[in-house]
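The values are calculated or read from the model by the stated rules, or taken from the named source; none is laboratory data. Computed from a prediction, not measured in an experiment: that's the story for all the values here. With ideal geometry, Cβ positions are generated from the backbone for all residues, glycine too; neighbour counts draw on all protein chains shown. For the accessible areas, the whole protein counts, side chains as well, though only heavy atoms, and no ligand, DNA or RNA atoms are used. Shrake-Rupley method; radii C 1.70, N 1.55, O 1.52, S 1.80 Å.
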Amino acid sequence: MPITSLQIPTADGRADAFAAFPDDGERHPGVLMYPDGFGIRPVLRELALELAGHGYYVLVPNLFYRHGPAPVIELPEHIGEEARPAVFDQLMPLIEAHTTERVLSDASAYLSFLTTRFEVEAGPVAVTGYCVGGLFAVRTAAAHPDQVAALAAFHGPVGTGGPDLFAELTAQVHFGHAEGDMTPEKLAELNKALDAAGVDYTSEIYPGTTHGFTMSDTDAFSASGLKRHWDRLLPLLDRTLPAPRSLSQS
């Protein structure tokens, strides 16, 4: 399963990125995967490889390329509680500088790049994201309803954009919330907004999880939470994206 380093042209320069995909002579449906705030690192490559192994071309951009290539800041091998304050001191200025305008500009560049790759099957794509990347995934799907057929976000602040953002969604949606982030009352309020916007969705709290539960290099990691994430994500992609096609048929 190859991983390829890439450079994506954007309005503000070139974003470094990588793609994971099956090397089997077929075109595969495309998935844009937004990392969490810690950015590209080995655990993101593991997630992308796992998803690619199920038959997808997975593109993972460096969210903060304007500040340098990934890793933009030095990260410990394991991001434990003791390391988090120092890491966040460096990360928060980058996250705060990543305005909605930047998110949308980059989203257009990422989707244009993904949908024109020779290895990617024609048709709609999916967008998924983790932590703040989950919010970026929502904004991307809302801004590109004709291109994005599936949206999945995990332990992300998906309600930050408000109900007007949900009203722009046409993709099928799954939101997987950490129990530490979301009370049942807040979940009911969020789901009511999704209902009012007419979104085709599932939205649930993953039992026993805290923020960041998909990331095996953090103290928040939950093996059961990660499994539930795959159990929700893979069927969503399977029912919304085109089937692979031989490159020789192109």
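Evaluation of Pro85 against the conditions (1) assigned to a helix (DSSP H, G or I); (2) open to solvent by less than 30 Å² (accessible area, probe 1.4 Å) shows that the sole unmet condition is (2). Total residues in region 1-44 satisfying the condition of being free of Cβ contacts under 8 Å to residues at least 24 places away in the same chain, of a type outside the set (S, T, N, Q) and not in a loop (DSSP other than H, G, I, E, B): the figure is 1. In this structure, does Glu77 turn out to be surrounded by fewer than 17 Cβ atoms within 10 Å (Cβ to Cβ), on the phi < 0 side of the Ramachandran plot, modelled with pLDDT under 95 and acidic (Asp, Glu)? Here the answer is yes, as Glu77 does meet what is asked. So for region 110-121 (the condition being aromatic (Phe, Trp, Tyr), in a helix (DSSP H, G or I) and surrounded by 20 or more Cβ atoms within 10 Å (Cβ to Cβ)), does at least one residue qualify? Within region 110-121, one or more residues are aromatic (Phe, Trp, Tyr), in a helix (DSSP H, G or I) and surrounded by 20 or more Cβ atoms within 10 Å (Cβ to Cβ). Restricting attention to region 49-64, the residues that are in contact (Cβ under 8 Å) with a residue 40 or more places away in the chain and within 19 Å of Ala243 (Cα to Cα) total 10. The set of residues from region 82-113 being in contact (Cβ under 8 Å) with a residue 12 or more places away in the chain and more than 17 Å from Tyr65 (Cα to Cα) comprises just one member, Val87.
For region 176-198, the condition holds for at least one residue, the condition being that it is of a type in the set (S, T, N, Q) and closer than 21 Å to Ala141 by Cα. Among the residues of region 2-21, those identified as among the aliphatic types (A, V, I, L, M) and in contact with a Ser or Thr (Cβ under 6 Å, 6 or more places away or on another chain) are Ala11, Ala19.
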